[in-house]
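Each remark here refers to the structure printed beneath this line.
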Amino acid sequence: MKAVMFHELGGPEVLKVGEAPVPEPRKGWVRIKVHASGINFADTLFRQGQYLMKPNLPDIPGLEAAGVVDAVGEGVTHLKPGMRVTAIGTKTYAEYCTVSAAQVIPLPDHVGYEDGVAFPIQTLTAYHMLHTSHTTTPGQTVVVHSAAGGVGIVAVQIAKAAGARVIGTVSSNSKFDLVKQYGADEVVNYASTDFADEVMKLTDNKGADLILDAVGKPTLEKGLKCLAPFGHLILYGRAGGIPDPVNLMSLFQKSTKVSGFVLYTVSSMPDKHQAGVDKAFQLMKEGKLKMLIGKSYPMAEAPEAHRHMESRGSVGKLVLIP
Ligand SMILES: NC(=O)c1ccc[n+]([C@@H]2O[C@H](COP(=O)([O-])OP(=O)(O)OC[C@H]3O[C@@H](n4cnc5c(N)ncnc54)[C@H](OP(=O)(O)O)[C@@H]3O)[C@@H](O)[C@H]2O)c1
């Protein structure tokens, strides 16, 4: 089969289309014929050897695939060949991939493969931060950093659907209209203005009840300054660098809290995982949550896709089509 592979760590140029054996599903796993593979910021870290999981060279990047179940391993009874699915896995920048059956989500008829591949990581990450790590309720103010990005644009909509007032941040004014179109009440350019001052102004000095931060070093400390009393900052990434350690005593001032989030925690809790899947698909069905496919690329253009994501110019979900 054709797959995007890398034989050495490095920049986007190390990604090349090559031939790899079609993987066989082991016990409890299924094989998917991939129709769309999701590109995540994490893939750019994986390519450089800086992600939680380390590559085993030569390796195939990719953590998400949507497509059709093609073969099932021993013991898998609830999934059958021919089913349309989306899933979290590994090595998904390929014509076929194998994934644990527990990580497979059947796709409802109303969801196509490209929208479906924006679901398992970005949508569920946004959903669980807003409704599992935190309880977002009407009237709360939620700040979503990098609001035009894959997780960000979904988080804006899920927070709005929960009745929150949403302040999105972006690094370029060219993303303003888009973030507003997807429901943000206000958008702040956090590269050219001090977003903490802006948040305080916009909330009459009360501050934000929740901040979703995957930027890290440039934003975390400022974020703590613009939290409301009992406010909550969730750190779930570090696109701008690993943040400096937090002085816990600084949390006393307004009884605030900081927590971390990684989706894998929820993926291993079947009830919570399924509740998130059902509720997020329901929001899509009701038209309250729309996937934004920023751009689709053929496999040969995987380097270009990674460059685009790293340039901070991409919006929404980037997709690779095998
Ligand atoms: N913890 C989890 O389980 C989990 C799951 C999914 C994603 N994440 C994290 O969430 C973040 C968003 O992921 P995504 O896949 O949806 O990507 P994305 O938001 O579509 O793309 C990354 C965005 O990060 C922002 N950014 C800030 N500083 C940056 C820098 N120095 N270099 C490049 N980009 C920078 C850019 O937007 P602006 O410049 O407009 O801010 C850029 O568009 C990533 O940090 C990712 O690792 C975490």
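For region 125-263, which whole percent of the accessible surface, found with a 1.4 angstrom probe, sits on carbon and sulfur atoms? Write out the running numbers ahead of the final one.
Numbers: 3120 of 5830 Å².
Using a 1.4 Å probe with all protein chains present, region 125-263 comes out at 54 percent carbon and sulfur.
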Point to revise | Probe 1.4 Å - accessible area at residue 113, Å² to nearest ten | key: 50
Practice item. Could you please report the charge total around residue 135, scoring K, R as +1 and D, E as -1 over all other residues with beta-carbon less than 15 angstrom from its beta-carbon? Key: +2
**Study point:** Residues in region 246-277 that a label on residue 205 would reach, taking backbone N under 17 Å of a point 7 Å out along Cα→Cβ
**Key:** 254
Point to revise | Net charge over other residues, Cβ less than 11 angstrom from the Cβ of residue 231 (K, R count +1; D, E count -1) | key: +3
Exercise for review: Counting other Cβ atoms within 10 Å, keep those with at most 13, restrict to DSSP loop, and tell me which GluC sites (Glu not before Pro) in region 14-83 are left.
Suggested key: 74
Review point. How far apart, in nm, are the 7 Å Cα→Cβ label points at residue 74 and residue 285?
Key: 3.7
Check your understanding: Taking the Cα centre of region 168-322 as origin and charging only Cβ (+1 Lys, Arg; -1 Asp, Glu), how large is the dipole, in debye to the nearest 20?
Key -> 180
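So which of 54/80; 180/317; 80/279 end up more than 28 Å apart, counting from Cα to Cα?
Cα-Cα > 28 Å for 54/80; rest within.
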Point to revise | Stokes-Einstein D (µm²/s) once Rh is taken as the Kirkwood radius of region 64-205 over alpha-carbon pairs, at 20 °C in 1.002 mPa s | key: 127
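Could you size up the charge dipole of region 120-239 around its Cα centre, putting +1 on the beta carbon of Lys and Arg and -1 on that of Asp and Glu, and report it in debye to the nearest 20?
Magnitude of the dipole: close to 160 debye.
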Revision key, fill the gap. Quick tally, 1.4 Å probe accessible area for 284, 129, 83, sorted with the most first, runs 83, 284, 129
Exercise for review: Mind putting a number on the dipole of the chain about its Cα centre? Charges go on the C-beta only, +1 for Lys and Arg and -1 for Asp and Glu, and I need it in Debye to the nearest 20.
Suggested key: 360
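Looking at region 110-212 only, what percent of DSSP beta bridges run antiparallel? Nearest 5 please.
Within region 110-212, antiparallel bridges account for around 0 percent of the total.
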Study note, to complete from the structure: Summing -39500 (n - 2.57) over every DSSP H run of at least 4 residues in the chain and dividing by its residue count gives a helix-only mean residue ellipticity at 222 nm, to the nearest 500 deg cm²/dmol, of -6500 deg cm²/dmol
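Any chance you could tell me what percent of the C-alpha pair distances in the chain go past 34 Å? Mind dumping the intermediate values first?
On the way: 11378 of 51681 pairs.
The calculated P(r) of the chain puts 22 percent of pairs beyond 34 Å.
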Practice item. Please find the FRET efficiency linking residue 8 to residue 311, where r is the Cβ-Cβ separation and R0 is fixed at 30 Å, and quote it to the nearest 0.05. Key: 0.85
Revision key, fill the gap. Ordered by number, the GluC sites (Glu not before Pro) in region 240-322 that occupy a DSSP loop and have at most 10 other Cβ atoms within 10 Å are 286
Check your understanding: Using 7 Å Cα-to-Cβ label points, what is the residue 191/residue 278 separation (nm, one decimal)?
Key -> 4.3
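The values are calculated or read from the model by the stated rules, or taken from the named source; none is laboratory data. This is a predicted model, so every value here is computed, not measured. Neighbour counts are summed over all protein chains in view; Cβ atoms, including those assigned to glycine, are modelled from backbone coordinates with ideal geometry. Accessible surface is based on the protein model in full, side chains and every heavy atom, while ligands, DNA and RNA are left aside. Shrake-Rupley method; radii C 1.70, N 1.55, O 1.52, S 1.80 Å.
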